[in-house]
1. What's the total number of residues in segment 21-57 that are surrounded by fewer than 11 Cβ atoms within 10 Å (Cβ to Cβ) and either out of contact with any Asp or Glu (no Cβ under 8 Å at 6 or more places or on another chain) or β-branched (Val, Ile, Thr) (or both)?
2. So is TRP105 of a type in the set (A, V, I, L, M, F, W, C), in contact with a helix residue (DSSP H, G or I) (Cβ under 7 Å, 6 or more places away or on another chain) and crowded, with 17+ Cβ neighbours inside 10 Å or not?
3. Restricting attention to segment 58-84, which residues are within 23 Å of PHE118 (Cβ to Cβ), hydrophobic (A, V, I, L, M, F, W, C) and surrounded by fewer than 18 Cβ atoms within 10 Å (Cβ to Cβ)?
4. Consider segment 1-55. How many of its residues are closer than 22 Å to ALA94 by Cβ and either touching a residue at least 24 places away in the same chain (Cβ under 8 Å) or of a type outside the set (A, V, I, L, M, F, W, C) (or both)?
5. Among what's in segment 1-20 and is closer than 25 Å to VAL108 by Cβ and out of contact with any Gly (no Cβ under 8 Å at 6 or more places or on another chain), pick the residue that is surrounded by the most Cβ atoms within 10 Å (Cβ to Cβ).
6. Every residue in segment 1-35 that is basic (Lys, Arg) and in a helix (DSSP H, G or I), please.
7. What number of residues within segment 81-129 are at pLDDT below 95, among the hydrophobic types (A, V, I, L, M, F, W, C) and more than 15 Å from TRP53 (Cβ to Cβ)?
8. Answer yes or no: is there a residue in segment 44-60 that is farther than 19 Å from ALA121 by Cα and not in a strand (DSSP E or B).
Amino acid sequence: MSKRISDLAVIGETTSEEYAIRPDDGRILAGSPDQLAWNHFTDTTGQFSAGIWEGAPGVWKVNFTENEFCHLLSGIVVVRDEAGAERAFKAGDAFVMPAGFVGTWEVVERARKLYATFEAAGSVQVADG
């Protein structure tokens, strides 16, 4: 059966599931990186989802098992790989965190982003950033 306009997920309008997220204490390197996510869409396989994420300042270890598109709406984040190379992102920037990325995620200034994730079948979901 084909989908209809009523099947669209409109971020910020469609009913969402709200999640409070906090990395495990062993992964937190600095600050108090409390986070909230409002998931507005998950496909029937559970592999694809999209919504809004917000995070407080802090630094934590990440290990992405999913591919994640990010569009930063506000704030500043710095992503560092295991070798120490880093990239800063600010409001308006868009980027993709590839599955297999290991390093740290730092929220320098309270941040909010749109996200879309795809988790390949058989992967373990890790809420990182």
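The values are calculated or read from the model by the stated rules, or taken from the named source; none is laboratory data. Since the model is a prediction, treat every value here as computed from it, not as a measurement. No Cβ is skipped: glycine too gets one built from the backbone with ideal geometry, and neighbour counts run over all protein chains shown.
1. Here the count works out to 6.
2. Criteria not met by TRP105.
3. PHE69, LEU73
4. 25
5. It comes out as TYR19.
6. Going through segment 1-35, the residues basic (Lys, Arg) turn out to be 3-4, 22, 27.
Hit for segment 1-35 is ARG27, nothing else.
7. Of the residues in segment 81-129, 3 are at pLDDT below 95, among the hydrophobic types (A, V, I, L, M, F, W, C) and more than 15 Å from TRP53 (Cβ to Cβ).
8. Scanning segment 44-60, I find at least one residue that is farther than 19 Å from ALA121 by Cα and not in a strand (DSSP E or B), so the answer is yes.
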